[in-house]
Amino acid sequence: MRKQVFDICIVGSGAGGGTLAAHLAQRGVNVAIVEGGPTVNTRTDFNTHALPFNFPNRHIPTMKPGKTGMGSERARGVGGKTMLWNAVALRLSHRDFKGYTIDGAGADWPIDYPDMAPYYDRIEREVGVCGNRDGLEDLPDGIYNDPPPLKLGDLLLQRGAKELGIPIIQTRKATLTRATQTRPACHYCGNCMAGCDVAAKYNSADVHLNPAMKTGKLTVFPDSVVREVIISKENRATGVHYLHRVTGKQGEVHARCVAVACACSQSVGLLLMSVSSRYPQGLANSSGQLGRNFIPHFTSGVDGFLTGLIGRTVVNDEGYIDHAYLPSYMHAQKRDYARSFGVQIYTGIRRTTGWARQLPGFGAAYKQHVKERFPAYINFQCFGEMIPNSQSYIELDKTKKDEFGLYQVNAVAVQQENERKIYEAMNNASVAILEKAGGEVLSVSKFEEPTLNHYLGGCRMGSDPRTSVVDAHCRTHDVPNLYVVDGSVFPSSSEKNPTLTIMALAARTADHIGDRFKQGDI
């Protein structure tokens, strides 16, 4: 029986893989997606509207009883992390793409904002992003639907921040505030990171993959955990080996081109596992840079209460979690560190109640204390940009294997002096805003206990094959028909949420691959 050979095999179905697949299928390219997790229905499978008191241990499971998916890094589900993301959608700026040139720290991208702007436009139109055109130098405006209004707590913080000369804007999210023919508008339940049961929030499966299936050019292989990218003697990627998540059976998908898009650390891990006589240290790793330059966001948190809201009647102002955002502003000020930070601001949300453990008291008086502060609680979640360093990397742990018999992937991030200074600056700014708004501080996180978010780097994009893994089109320098299309290709992380940029890169890469097929180059 003649084996089927697809034009391209894409490993992963999230922001990068889903966008890449949809754009190529629309161009007539025959696409296969190999996804480690099952097909997931965002409308029925998540515990989207569950509350802690529904469960004996007060822990809300991600999936409803009998539903599978999102179980591990290697077995998430069709749609990937977009099923559970917070949907913050920010464009990178010229300063982000050319950070080394401007600040003398980090690494420049081989592309710049004008190269990406048309693709940001395209993605924003496709997925539906809301926000304002704020005219900020370091946060480019896009194509937006109207955002929901700021909450009362946001407005109080915005007023305090204005007195300090610090901007607070309405956050930009890939969530519909106005219905389309295929998706309803957000109903503001505040459960965005527990799935979205109406798909008002963008997810790859509903918005990109389902329409692409109708072209007849997209085939999805769910429950298929890829263990190796196959390379021919001619140094061409020819497909992937996979293990079926449920049965354990092995299989192969063959293709003329392969794109790895299974999220930062797992993409690096897959390439490191794909060893051969030609690539004994990992596929596309002749430079030795695969896994190096790991640059996740480091985060801090400031918790407190707006005293003017203590004891206020609880109202339904949950919205879509965070309506306010503090964009980078320190880049324009004199400072003793490179790069900058941004802050997501949370007010009026019921899911964030861990702060109650920090309050003193017991019994009825304690409960009353918590109830009075419930409507006044606020949280600043700060994101700082990490500078690449030799002590931060992604590697395989060859002493441990997961349930699929594959080496576990370890990510190591070491914060240095520049990160410490940013950490202190973003905490200090948050505290100053809270106090200026008439609030009281409950807790401030410590630099000695860093939290990481948005894994980026490890397959650095660059023009020099000696110092990078992929080129400006996400094509590996070593293998001409192998691509990496996710956050691992970021040379620098910015302080901005990366998903919109991952999707724009995927759209740009799709044009490049589609043109190569058209020209007969693949």
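In whole Å and largest first, what semi-axes does the C-alpha gyration tensor of the stretch 366-450 yield when each eigenvalue is scaled by 5 and square-rooted?
So the equivalent ellipsoid measures 37, 21, 8 Å along its semi-axes.
Within the chain, what whole-number % of the accessible surface is contributed by carbon and sulfur, with the 1.4 Å probe and all protein chains included in the calculation?
Using a 1.4 Å probe with all protein chains present, the chain comes out at 49 percent carbon and sulfur.
How big is the equivalent ellipsoid of the stretch 158-230 along its three axes, where each semi-axis is √(5λ) from the Cα gyration tensor, reported in whole Å from largest to smallest?
Its equivalent ellipsoid spans semi-axes of 36, 19, 12 Å.
Any idea of the accessible area per residue across the stretch 191-303, 1.4 Å probe, to the nearest Å²?
36
Can you give the accessible area per residue of the stretch 414-522, in Å², using a 1.4 Å probe?
35
Return the long-range amide H neighbours of GLY439 (sequence gap of 5 or more, or a different chain), with a cut-off of under 5 Å between placed amide H atoms.
Under 5 Å from the amide H of GLY439 lie the amide H atoms of THR307, each far enough along the sequence or on another chain.
At a threshold of 8 angstrom on Cα-Cα distance, excluding pairs fewer than six apart, so keeping six or more, what relative contact order does the chain reach in percent?
The value is 22 percent.
Under the Karplus relation 6.51 cos²θ - 1.76 cosθ + 1.60, θ = phi - 60°, what is the ordered set of whole-Hz ³J(HN,Hα) values for the stretch 506-515, x standing for Gly and Pro?
In residue order, the calculated couplings are 5, 5, 5, 5, 4, 4, 5, 5, x, 5 Hz.
With a 1.4 Å probe and all protein chains kept in place, how do TYR329, TYR202 rank by accessible area, largest first? Show your work: numbers first, answer last.
On the way: TYR329 30, TYR202 0 Å².
Greatest to least solvent exposure: TYR329, TYR202.
What angle do you read, to the nearest 10 degrees and between 0 and 90, between the alpha-carbon axis of helix 417-436 and the longest principal axis of the chain?
Long axis of 417-436 versus the principal axis of the chain: about 40 degrees.
Taking the alpha-carbon distance from LYS67 and a cut-off under 20 Å, which lysines remain once sequence neighbours fewer than 8 residues away in the same chain are dropped?
By straight Cα distance, LYS67 reaches LYS81.
In whole angstrom, how far apart do the alpha carbon centroids of the stretch 477-492 and the stretch 77-155 sit?
With the stretch 477-492 and the stretch 77-155 each reduced to a Cα centre, they are spaced 21 Å.
Using all C-alpha to C-alpha distances in the stretch 1-48, build P(r) with 5 Å bins and read off the rounded percent in each one.
5, 19, 22, 19, 17, 11, 5, 2, 1
The values are calculated or read from the model by the stated rules, or taken from the named source; none is laboratory data. Keep in mind that this is a model prediction, so the values were computed, not measured. Heavy atoms of the whole protein, side chains included, go into the accessibility calculation; ligands, DNA and RNA do not. Shrake-Rupley method; radii C 1.70, N 1.55, O 1.52, S 1.80 Å.
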